[in-house]
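Structure first, then comments.
The values are calculated or read from the model by the stated rules, or taken from the named source; none is laboratory data. All figures in this text were calculated on a predicted structure; none of them were measured in a lab. All Cβ positions, glycine included, derive from the backbone under ideal geometry; neighbour counts span all protein chains shown.
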Amino acid sequence: MTSDLSPGLWIGAFGAGFGLLAGVGAGLLGRAQRRRLGALQAAQAEERARLEAQRAEALRRRDELQAYDEVLALNPRVGHFLWSLGPDRLELSPHWTPMIGGGAEDRPASMDALRLRIHPADLDGFDEALNAHLQHRQPVFDRELRLQHALGHWHWMHWQGKAVTPPGAEVPDRIVGHFYDLHAQKLAEETLASDRRLFDSGPVIVASLDAQPPYRLRSVSASAAEALGHPRGSKLVGRRLDELLLPEDLPPVLEDLGAVLGQPGASFQREVRLRLADGGSHWHSLHAVIAGSEGQTVRAYLLDVERLKQAEREAARQAGELQVAVEHLTLSQGYAERLRELSEMIQFAASEAEAHELLAARGPQLLPGWSAALMLGGLAGQVERRAAWGPVPAAAVQGSAECWALRLSKPHAALHGAGACAHVEGRPAHSLCLPIPGLQGGAGVLQLTYADPLDADRLRQAEARAAALAETLRLSLSNLQLRLSLQEQATRDWMTGLYNRRHFEELLPRELNRALRAAEPLALAMLDIDHFKTFNDRFGHEAGDEVIRCVARHLADFGRPYDSRCRVGGEELCILMPRIAAAEARSRLEALRGQIAASPVHHAGRELPPVTVSIGVAEAADGGGPAELMRRADLALYAAKRGGRDRIVVWTPEHVG
Ligand SMILES: Nc1nc2c(ncn2[C@@H]2O[C@H](COP(=O)(O)OP(=O)(O)OP(=O)(O)O)[C@@H](O)[C@H]2O)c(=O)[nH]1
């Protein structure tokens, strides 16, 4: 574009001035005229010099303006316009096209054409700005507005211009000026404004603090006061960091600050609790940046994460509960498995004593840390300790009156000995008695003690386990008792209560082997009631039975606990006597024989004739099996019968069968 303000106008004016002066000088001739001419020439020279100076100035100005034009032309965001008012001709520099898009032909050629592309909302303002300038209310025309881009969107531009009035005229005939691209700046401003709105109303508190103790708040987004529970508009500026944070959170933040102070751009992140107006606090995620060229400001961004924290806490609590539940489930599954094993072993124990030993061995794994005693009904109503583990002892229970669990038939718990049963010794933190009813010999009790205090959860778990253990013991011990008693019944002779023949046949080889292994003697005595048939014949079969029972009672009371007394046939009985030799057996059996002979037998209200027995004794010998031992005892018995009955004969090799 060629501006009407260009220096060319000035240069033309100078040329015309010089021509006029030269013509005037040529017509001067006389002295006076010469004087006048001299004066004129002086004035002329002066004027020439002035014009020269003006010309030089104009040239300098032209160069400057050219340079300015060139620089402006370099800037794609600034263009020039010349609007000739009369003909409404608008000339736009080529910068227009890259700003507003389209081709050169799309450039508006008149103000009317330009106005068609102005955003309707900006049109009035545009016209008003023009009028204000043309009516001299504003020194320049200056307006931001949106123009329709060739691609359709509204594009922000800034127009500035000045009216030019031609020499001698009274009103301007044109406006010259420039337009520049404001779009990127406007978008940035809008983004900033929306950011600002977000900061002021959104969840993020933006704050600036002095980057030096006591870290006073210099500015803070408008939302902060309300977010922290203060009345809207409350003044937070000026507060110290220690007034804003919970005391526990201050030291780590001070430490973080210490590490970044004086380093512009350095930052740290941390979760802190901001104090609320009501005395509470809210967790915030703090992102702090050292700002300012000298690092004189701490810029802090705080996002309220209280709900997140609450959710985290809730999730952690639920996860904890789940973990506990899973642990309980796992533990209880493991525990149930261990109880099942114990129960099986107890039920198939060879004796109650073995069952009690099993319990004592496995109990510590079932209830770790607990001391326990299983007390079962014994003689004279006493409840005796049968199995125990752990350091806290239990005294024997003299009667059910001493145990609350037995008295009330329900579990009884005590804390630090207060209200504990009399048999609980010491003052354990926890004691628990569980009744075990339904056993032969009377109800039993399981006493459990724990020395140190337990929390409610662990106590509840232990109580549940103890109850399960007591129930397991009740079932398995009563099953064992039943099985042992059935077993016992199967081994006993129904009429006499002595072992039966089947049991004797099982017992004999076992005892014989044991004796041989232990190199211990073993004596077998065979007894036969003398002339038994005559009892049957004279007094009846029942009398015969009574005779058998009477002899059996003598046998039952005879000898040592580990002697086995059996009825092996109708009126044939035997005694298996471990750890004694035949001679010793014989002397003991003499007492038995004498007792039987001396004891009257009554039946049906009358005394029967004296009952005597013949006894044959044999001793286990090397190489001889059970059959041989029985054969020898039989041979000795036969010898006793033959020898006159009511006597004892010990087998010797002479008794050849
Ligand atoms: N009442 C009764 N009699 C039985 C029983 N078992 C076997 N008997 C009888 O006992 C008798 C056995 O008699 P023997 O072995 O001959 O005895 P004994 O000849 O009378 O006397 P000894 O020659 O001294 O042995 C038989 O008559 C059987 O019927 C029983 O359980 N009860």
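Here are a few things to note about the model shown:
- Scanning the range 477-498 for residues that are of a type outside the set (A, V, I, L, M) and in a loop (DSSP other than H, G, I, E, B) gives Asp493, Trp494, Thr496, Gly497.
- Among residues of the range 168-194, those that are loosely packed, with under 14 Cβ neighbours inside 10 Å, closer than 22 Å to His119 by Cα and acidic (Asp, Glu), counted: 2
- Residue within the range 177-196 that is free of Cβ contacts under 8 Å to residues at least 60 places away in the same chain, over 23 Å from Asp69 (Cα atoms), part of a loop (DSSP other than H, G, I, E, B) and not assigned by TED's automatic domain parsing to the domain that holds Asp69 present: no
- Residue list for the range 151-162, filter: in contact (Cβ under 8 Å) with a residue 40 or more places away in the chain and either surrounded by 15 or more Cβ atoms within 10 Å (Cβ to Cβ) or in a strand (DSSP E or B) (or both): His155, Met157, Trp159, Gly161
- Any hit, the range 604-611, residues being free of Cβ contacts under 8 Å to residues at least 60 places away in the same chain and farther than 22 Å from Arg538 by Cα: no
- Some residue of the range 479-500 being aromatic (Phe, Trp, Tyr) and in contact with a Pro (Cβ under 7 Å, 6 or more places away or on another chain): no
- Residue in the range 355-373 that is touching a Ser or Thr at 6+ places or on another chain (Cβ under 8 Å), in a loop (DSSP other than H, G, I, E, B) and not aliphatic (A, V, I, L, M) present: yes
- For the range 587-607, the set of residues classified as within 16 Å of the ligand (Cβ to nearest atom) and either part of a loop (DSSP other than H, G, I, E, B) or closer than 15 Å to Leu637 by Cα (or both) consists of Arg593, Val601, Ala604, listed by residue number.
- Candidate set from the range 613-657 (those that are in a strand (DSSP E or B) and not β-branched (Val, Ile, Thr)); member that is nearest to the ligand (Cβ to nearest atom): Ser614
- When each of Arg77, Arg115 is tested for being over 26 Å from Pro172 (Cβ atoms) and basic (Lys, Arg), the lone residue that passes is Arg77.
- One residue from Arg501, Arg474 being of a type in the set (Lys, Arg), more than 35 Å from the chain's Cα centre (by Cα) and not assigned by TED's automatic domain parsing to the domain that holds Lys410: Arg501
Conditions (1) surrounded by fewer than 14 Cβ atoms within 10 Å (Cβ to Cβ); (2) over 25 Å from Pro521 (Cα atoms), marked per residue:
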| residue | (1), (2) |
| --- | --- |
| Ile580 | no, no |
| Ile596 | no, yes |
| Thr612 | no, yes |
| Ala627 | yes, no |
| Leu635 | no, no |
| Gly643 | yes, yes |
| Ile648 | no, no |
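- Of all residues in the range 243-257, those that are in the same structural domain as Leu286 (by TED's automatic domain parsing) have Cβ atoms under 9 Å from Cβ atoms of residues that are in a helix (DSSP H, G or I) and not charged (D, E, K, R), 6 or more apart or on another chain, in Leu245/Val253; Leu250/Leu241; Val253/Leu241; Leu254/Leu241; Leu257/Leu241.
- Scanning the range 404-419 for residues that are in contact with a helix residue (DSSP H, G or I) (Cβ under 9 Å, 6 or more places away or on another chain), over 20 Å from Gly363 (Cβ atoms) and modelled with pLDDT of 85 or more turns up Lys410, Ala414.
- Apart from one condition, Arg465 fits all of (1) under 16 Å from Tyr335 (Cβ atoms); (2) surrounded by fewer than 17 Cβ atoms within 10 Å (Cβ to Cβ); the exception is (2).
- Number of residues in the range 335-392 that are at pLDDT below 90 and among the β-branched types (Val, Ile, Thr) equals 2.
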